[in-house]
Amino acid sequence: VQLFLERLSIIYLLEIKMNNGTAKVRAYHYSGKSLKKLLCDKAGNIWCATSKGLMMVTSEYLEDIKLPAPYNLRSTTAMVWDDSVLLVALKKELYMVRFRHSTPSMEQIFSANANITSLFIDRENRLWIGTFGDGLYYEQNGNTAIRPDGIQELAADASILSISGTKDRIWLATLKGVEELSYPVGETISEVKHHGKSTGIGSDYVYQLYPDSKGNMWMATDGAGVCMYDGASYHHWDTVFAEGSKVVYSIAEDRSGDIWAAAMLKDLFHFKNGEWKNHRLPETQYPDVNISTVMANASGQV
C-alpha cells in the first residue's frame, strides 16, 4: 500500500483486516484530496500527507466490541484488563471475557453479596475485588473468594471505592478514609496506616487512588480537591481547587510526569512544574461538562 501511494495520487484509504486467513477490505473516500504518504504513530493513529495538508485518521478508536448476553452497559460497575482477558463486573457478578477469534465469550467467575465497585490486578498478577457494603476479596491460588484475615472490618462490610497498589502495599479508598495495607502473607494482611481527614487528607471520601511514577500516592477527594501523599507528608493546593471545584473524580499521569485531574463541573486541571492550571472550557460552548474519568494510554497520552 505504501509503495502504491508513492507512485499514484489516489483519494481512497484502504483498511485491510485479516480474520482466519481471510482479508476484509474497506475503502474510505476523501473527496477533493489525494493521499501521498502514510505514517502510523505509537498511539495507533494514521497520519496522511495529502494534497490539502496533513490529516490524522483515528478510526481504530471508533470501533466497539459486541459482547453477548448477559452483558449490559447500564449494569457495568467495574472493569480491568488481565493479561489476555477482560474482567467485567455487572453489579454483583464478575465475568471473564475471552476474545476467541471474532466472537467473544463471557464466563461468570465470581458472585459477591453486594455490587462490585472496583477491580485491581497487583504486581503478582493477583486479582482484588472491592464491593459496596460487602468488603474486600482477593485471589489466591485461583480462588477469588478469599477473605483477608487481620482486617476484619474491611473484609466484612466495608464500602470500597478504589483499589491501587505500590511496590509493597495495597491501598483501599473507603467511605471512612484510605487504608494502606501490607501485601498478603498467606491469607493475612495487616494495616500499615490509616489515612483520613484526621490525618491530613482533608476528606474521608476518596473517589480514586493513583500512584505516580515517583512513588507518590495521589487521592481524588470529595470536598478537598487533590491530595498527594509522598510517604511522609500530605500536600494540598486549596487555593487552586477553590469552592466549586473541590470534588475531584479521577487522576492520571502523562508521559512527561505531569498530573491531570478531572473535577466536577470544572473540566480538567493540569499540574506541571509545581503549579495547577484549570483547562475550563467556555460555558457558552459546554454549559455542563462533568468529566468522570481521565486516563493515559500506553504511550502516555491523556
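The values are calculated or read from the model by the stated rules, or taken from the named source; none is laboratory data. All of these numbers come straight from a predicted model, not from anything done at the bench. Cβ coordinates were reconstructed from backbone atoms using ideal geometry, including for glycine residues, and neighbour counts include every protein chain displayed. Protein only, heavy atoms only, side chains kept; ligands, DNA and RNA dropped before computing areas. Shrake-Rupley method; radii C 1.70, N 1.55, O 1.52, S 1.80 Å.
One table, with the values for the structure above:
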quantity	calculated
Within segment 49-67, considering residues that are at pLDDT 85 or above and either under 23 Å from the mean Cα position of the chain (by Cα) or among the small types (Gly, Ala, Ser) (or both), the one most open to solvent (accessible area, probe 1.4 Å)	SER51
Residue within segment 235-253 that is at pLDDT 90 or above, open to solvent by less than 50 Å² (accessible area, probe 1.4 Å) and over 19 Å from LEU161 (Cβ atoms) present	yes
Selection status of THR58, in contact with a Leu (Cβ under 7 Å, 6 or more places away or on another chain) and without any contact (Cβ under 8 Å) to a residue 24 or more places away in the chain	no
Evaluation of ASP168 against (1) more than 16 Å from VAL185 (Cβ to Cβ); (2) at pLDDT 85 or above (one fails), failing number	(1)
First in segment 121-138 and at positive phi, second anywhere and hydrophobic (A, V, I, L, M, F, W, C) and surrounded by fewer than 19 Cβ atoms within 10 Å (Cβ to Cβ), Cβ under 6 Å, 6 or more apart	GLY133/ALA114; GLY135/ALA155; GLY135/ALA156
Conditions (1) part of a strand (DSSP E or B); (2) surrounded by 14 or more Cβ atoms within 10 Å (Cβ to Cβ); number of the one not met by ILE201	(1)
